[in-house]
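Report on one structure; see the data block that follows.
The values are calculated or read from the model by the stated rules, or taken from the named source; none is laboratory data. The model shown is predicted, which means the values in this text are computed figures rather than measured ones. Here Cβ is always computed from backbone atoms with ideal geometry, including for glycine, and neighbour counts include all displayed protein chains. The accessibility values were calculated without ligands, DNA or RNA, using every heavy atom of the protein model including side chains. Shrake-Rupley method; radii C 1.70, N 1.55, O 1.52, S 1.80 Å.
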Amino acid sequence: MLGLAFLLVPLIGLLTQAPWSTLPARLFSADVWQALRLSLVCATSATALCVLLGVPLAWLLARGGLPGRSVIRAFVTVPLVLPPVVGGVALLLVLGRRGLVGQYLDSWFGISLPFTTAGVVVAEAFVAMPFLVISVEGALRAADPRYEEAAATLGAGRWTTFRRVTLPSIAPGVVAGMVLCWARALGEFGATITFAGNFPGRTTTMPLAVYLALETDPDIAVVLSLVLLLVSVVVLASLRERWISGLR
């Protein structure tokens, strides 16, 4: 009971201190709506980037014959335990204007990622991709390879087999990974503020807006926190059946 209270009392306190009478007006204020819109756009874009890069990586870890897969898997999961601020510093040193890669992006193509909306997407994708990779890899390992072998004996190529056989069989795992990835990207703070800064309308996502509002308007901070809490509850509810089936 003490452990349960330790987890629930802060959330109850957030609900009891919410400005319910002025909640609709505050929720649709310009500052809140701006941060919410930017957060949704960046989190969705980061999730799309994670799907583009993470699904092939998950397939490599689950089905590829590449040596040293355990080492690669360890590197993939590093962002899960790495402090987000450290991840932001690492991104800045690599993709900054004077970074290992960023200096060439700037001089050759005129692309500068730090302190831009694109930088927010990159930072969120960096910390969120492991959730997608782990989920999809688990789905690939659980899928029956005999269906793929049967498709190959019927003349289907690798891409056709992946698109028509493998992908539908692992779709629940992909969807679950996307949801977790999107929720993690939506709540990212440390890497975002370190790599992309805090510029209203351009890089100030909801977690950053909560941090700022605590100093100027605590009620706005509570409203933004409630929105993030609601997103968390929806994510947990949407994945509940998957977790229960996994426990069975």
Any residue in segment 97-112 that is among the hydrophobic types (A, V, I, L, M, F, W, C) and surrounded by 18 or more Cβ atoms within 10 Å (Cβ to Cβ)? no
Do you know which of the residues in segment 183-197 that are open to solvent by 30 Å² or more (accessible area, probe 1.4 Å) and assigned to a loop (DSSP other than H, G, I, E, B) is nearest to VAL94 (Cα to Cα)? PHE189
Only one of these conditions is not met by LEU66: (1) aliphatic (A, V, I, L, M); (2) touching an Asp or Glu at 6+ places or on another chain (Cβ under 9 Å); (3) in a loop (DSSP other than H, G, I, E, B). Which number is it? (2)
For ALA150: the one exception among (1) open to solvent by less than 50 Å² (accessible area, probe 1.4 Å); (2) of a type outside the set (Phe, Trp, Tyr); (3) not in a helix (DSSP H, G or I): (3)
For segment 60-70, state whether one or more residues are crowded, with 18+ Cβ neighbours inside 10 Å and touching a residue at least 24 places away in the same chain (Cβ under 8 Å). yes
Number of the exception - VAL231 against (1) among the β-branched types (Val, Ile, Thr); (2) open to solvent by less than 40 Å² (accessible area, probe 1.4 Å); (3) at pLDDT 85 or above; (4) not in a loop (DSSP other than H, G, I, E, B): (3)
